[in-house]
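Working notes, structure below.
The values are calculated or read from the model by the stated rules, or taken from the named source; none is laboratory data. Model, not experiment: these values are computed from the prediction. With ideal geometry, Cβ positions are generated from the backbone for all residues, glycine too; neighbour counts draw on all protein chains shown. What goes into the accessible areas is simple: the full protein's heavy atoms, side chains included, and nothing from ligands, DNA or RNA. Shrake-Rupley method; radii C 1.70, N 1.55, O 1.52, S 1.80 Å.
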Amino acid sequence: MTTLSVSLTVNGKKVSADVEPRTLLVQLLRENLHLTGTHVGCDTSQCGACTVHVNGDSVKSCTILAAQADGADVRTIEGLAQAGVLHAVQEAFREHHGLQCGFCTPGMVMSSADLLVKNPNPSEHEIRTWLEGNICRCTGYHNIVKAVQHAAQTLRQTAQAAE
Amino acid sequence: MYAFDYTRPTSVADAVATLASDSDATVLAGGMTLIPTLKQRLAQPSQLVDLGALPGLAGIRREGDTLIIGAMTRHADVARSEIVAAALPALAALADGIGDAQVRHRGTIGGSIVNHDPAADYPSAVLGLGATVVTDRRQIAADDFFTGLFATALEEGEIVTEVRFPLPKRAAYVKFPNPASRYAVVGVFVAETGSGVRVAVTGAGPGVFRAGNFEAALTASFTPKAVEGLVWSADDLNSDMHASAGYRAHLIGVLAKRAVATIA
């Protein structure tokens with residue numbers, strides 16, 4: 001079987017790998033690049049634990065081929081904190097304990113971070129609707145939604161202070 | 001997944017040529033249905049012809065009274081397009097209700113209509129608005145495009161390039177979503193178009209179809225009251241773990257009335 005050479009940017013670093021055409025992006029991230037923060041939950045594109053950003057949009061990395069991400073700018077949970085400082089969404093999940101077992105958390109955080117770029121002031125309904133693609137079997141979502149609301153407030157204040 | 005080869009052509013002509021030279025090749029658009037299908041080993045294509053590097057196939061524009069959407073335009077782009085919001089808000093709302101945010105960031109209008117899943121949302125808009133499907137070789141009227149369960153009028157190796165929607169006077173789409181998948185258990189697209197009232201139903205049968213008795217009633221009077229008590233036969237409708245045929249038949253009436261109520 002043929003292999004393909006793919007080159008992409010992951011968390012700001014240029015990486016290349018030779019992969020089979022059927023290699024999924026999540027396999028490239030976890031098995032080639034050892035970025036195991038991105039989880040495989042259902043492997044059927046339902047649970048969202050594998051959510052990463054591809055060119056600034058949240059996608060399920062178990063349902064995109066590595067080959068399709070050739071040339072793309074990919075961000076994973078490992079690339080969210082900057083210079084050792086947690087992203088506001090990560091900090092808010094910690095503050096509000098937006099998790100129990102934590103397995104879905106990387107996907108929840110990546111999905112929420114994408115939401116707050118596109119909609120800095122979402123209503124509770126908009127948060128819950130956006131997170132339909134992320135399934136948590138522990139929390140009942142209550143603290144997750146609180147965390148996203150809190151992160152939205154933090155990010156808005158930071159943006160205001162910068163103006 | 002079974003192993004396959006992968007090509008990413010940079011022109012529609014190259015994509016068509018590759019498909020013509022290999023009858024076991026399959027087109028990859030957004031992959032939101034195809035990749036899960038491959039993962040379950042329900043398909044074994046020799047190669048995937050990825051349309052993702054054809055920038056000419058993605059985009060939204062308006063020409064007079066026609067809204068034109070490129071086949072590789074993603075649901076999220078339709079949902080948040082100012083052009084679509086102004087020209088055809090029912091279509092923006094439909095796109096915003098497909099799957100979930102992550103799916104809308106990958107899934108495309110072309111992929112959706114070519115797959116013709118009986119529970120997909122987009123086919124109802126294409127049929128309900130009397131759109132024209134443009135391919136690499138011809139134009140196909142919506143009434144001729146959807147031919148049956150997961151089937152369309154496309155020839156082997158034919159690629160959809162864009163969909164042209166004539167702008168209606170008013171239109172609305174209401175669906176009863178499956179709470180897990182967000183696919184339509186039933187969805188009804190109602191439109192008052194330049195060539196009459198059209199009512200297209202998805203989710204209920206083996207493919208999208210028009211509900212003639214609802215169209216006749218709404219032609220006489222475009223009001224929610226006009227469709228009250230109208231019945232669509234459950235005979236040819238789907239029955240599965242999500243809903244019986246009788247329940248789906250009932251939903252057609254309920255959702256048609258709700259759709260009309262939002263625009264009457």
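Of all residues being more than 22 Å from B:GLN44 (Cβ to Cβ) and of a type in the set (Ser, Thr, Tyr) in region A:1-48, which is farthest from the other protein chains (Cβ to nearest Cβ)? Just the residue, please. Only one residue tops the list, namely A:THR36. Among the candidates B:LEU54, B:LEU48, the residue that is under 19 Å from A:GLN68 (Cα atoms), within 14 Å of chain A (Cβ to nearest Cβ), surrounded by 22 or more Cβ atoms within 10 Å (Cβ to Cβ) and among the aliphatic types (A, V, I, L, M) is uniquely B:LEU48. B:PHE176 falls short of the stated requirement of being open to solvent by less than 30 Å² (accessible area, probe 1.4 Å) and more than 14 Å from chain A (Cβ to nearest Cβ). Please work out if A:ILE144 is more than 14 Å from chain B (Cβ to nearest Cβ), surrounded by 17 or more Cβ atoms within 10 Å (Cβ to Cβ) and within 20 Å of A:GLN46 (Cβ to Cβ). Criteria met by A:ILE144.
The combined condition, being touching a strand residue (DSSP E or B) at 6+ places or on another chain (Cβ under 6 Å) and open to solvent by 50 Å² or more (accessible area, probe 1.4 Å), is fulfilled by A:THR3. Residue selection: B:ILE83 satisfies the criterion of being over 25 Å from B:VAL49 (Cα atoms) and open to solvent by 10 Å² or more (accessible area, probe 1.4 Å). Looking at region B:27-37, can you tell me whether even one residue there is exposed (fewer than 14 other Cβ atoms within 10 Å of the Cβ) and among the β-branched types (Val, Ile, Thr)? The answer is no, given that none of the residues of region B:27-37 is exposed (fewer than 14 other Cβ atoms within 10 Å of the Cβ) and among the β-branched types (Val, Ile, Thr). Where strands (runs of 3 or more DSSP E) sit wholly within region B:145-225, those with at least 2 residues that are aromatic (Phe, Trp, Tyr) and out of contact with any His (no Cβ under 8 Å at 6 or more places or on another chain) occupy B:170-177. When residues in region B:88-117 are screened for being farther than 23 Å from A:VAL59 by Cβ and open to solvent by 20 Å² or more (accessible area, probe 1.4 Å), 1 of them pass.
Kindly indicate whether B:VAL126 is in contact with a strand residue (DSSP E or B) (Cβ under 9 Å, 6 or more places away or on another chain), surrounded by fewer than 24 Cβ atoms within 10 Å (Cβ to Cβ) and assigned to a helix (DSSP H, G or I). Here the answer is no, as B:VAL126 does not meet what is asked.
Within region B:193-232, the set of residues being of a type in the set (Ser, Thr, Tyr) and under 25 Å from B:PRO179 (Cα atoms) comprises just one member, B:THR202.
Within the set B:GLU156, B:GLU228, B:GLU162, the sole residue that is touching a Leu at 6+ places or on another chain (Cβ under 9 Å) and open to solvent by 40 Å² or more (accessible area, probe 1.4 Å) turns out to be B:GLU156. The set of residues in region B:26-42 that are over 21 Å from the mean Cα position of the chain (by Cα) and either of a type in the set (D, E, K, R) or away from every other protein chain (no Cβ under 12 Å) (or both) comprises B:LYS39, B:ARG41, B:LEU42.
Does B:LEU88 meet the test of being touching a Pro at 6+ places or on another chain (Cβ under 9 Å) and at pLDDT 95 or above? Considered against the rule, which asks whether it is touching a Pro at 6+ places or on another chain (Cβ under 9 Å) and at pLDDT 95 or above, B:LEU88 comes out as yes. Filtered by the rule that a residue be of a type in the set (Ser, Thr, Tyr) and within 14 Å of chain A (Cβ to nearest Cβ), region B:179-193 gives B:SER181, B:TYR183.
Within region A:85-125, the only residue that satisfies the criterion of being farther than 18 Å from A:THR154 by Cα, small (Gly, Ala, Ser) and not in a helix (DSSP H, G or I) is A:GLY102.
Here region A:22-45 is the region considered, the condition is being touching a Pro at 6+ places or on another chain (Cβ under 9 Å) and more than 17 Å from B:ALA76 (Cβ to Cβ), and the residue that is surrounded by the most Cβ atoms within 10 Å (Cβ to Cβ) is A:THR38. If only residues of region A:101-140 that are open to solvent by 60 Å² or more (accessible area, probe 1.4 Å) and without any contact (Cβ under 8 Å) to a residue 24 or more places away in the chain are counted, the one that is nearest to the other protein chains (Cβ to nearest Cβ) is A:GLU132.
For region A:56-75, the set of residues classified as in a loop (DSSP other than H, G, I, E, B) and touching a helix residue (DSSP H, G or I) at 6+ places or on another chain (Cβ under 8 Å) consists of A:GLY56, A:ILE64, A:ALA66, listed by residue number. Among the residues of region A:1-24, those that are of a type in the set (S, T, N, Q) and without any contact (Cβ under 8 Å) to a residue 24 or more places away in the chain comprise A:THR2, A:THR3, A:SER5, A:SER16.
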